[in-house]
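First up is the structure itself, then whatever we jot down about it.
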Amino acid sequence: MALNLRPIIVEGMIEETLPGLLFRVRLENQKQVLAHLAGKMKLNRIRVIAGDRVLVEMSSLEEKRGRIVRRL
């Protein structure tokens, strides 16, 4: 039995910056998730602040956490 583990990519807006490169993000469907920066964003030191629009990649298994993959 194979699980469908494709990531879900959703647009959202940063609401709050938390310690340890964590962010509270409000998604398009008005849900809130806790997201961290993706590896390439950390390496290239891309800054994200409250009010920025971002793309969040989430697992289909856990819908409360995600990874910020792009700043829009």
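For the stretch 11-30, give me the residue count where each residue is modelled with pLDDT under 95 and surrounded by 13 or more Cβ atoms within 10 Å (Cβ to Cβ).
Total satisfying the criteria: 1.
Could you list, in sequence order, the residues of the stretch 31-72 that are surrounded by 13 or more Cβ atoms within 10 Å (Cβ to Cβ), among the small types (Gly, Ala, Ser), free of Cβ contacts under 8 Å to residues at least 40 places away in the same chain and over 15 Å from Leu18 (Cβ atoms)?
Of everything in the stretch 31-72, just one residue is surrounded by 13 or more Cβ atoms within 10 Å (Cβ to Cβ), among the small types (Gly, Ala, Ser), free of Cβ contacts under 8 Å to residues at least 40 places away in the same chain and over 15 Å from Leu18 (Cβ atoms), namely Ala38.
The values are calculated or read from the model by the stated rules, or taken from the named source; none is laboratory data. Predicted model only: the values in this text are computed from it and were never measured. Glycine also receives a Cβ, built like all others from the backbone with ideal geometry; neighbour counts cover every protein chain displayed.
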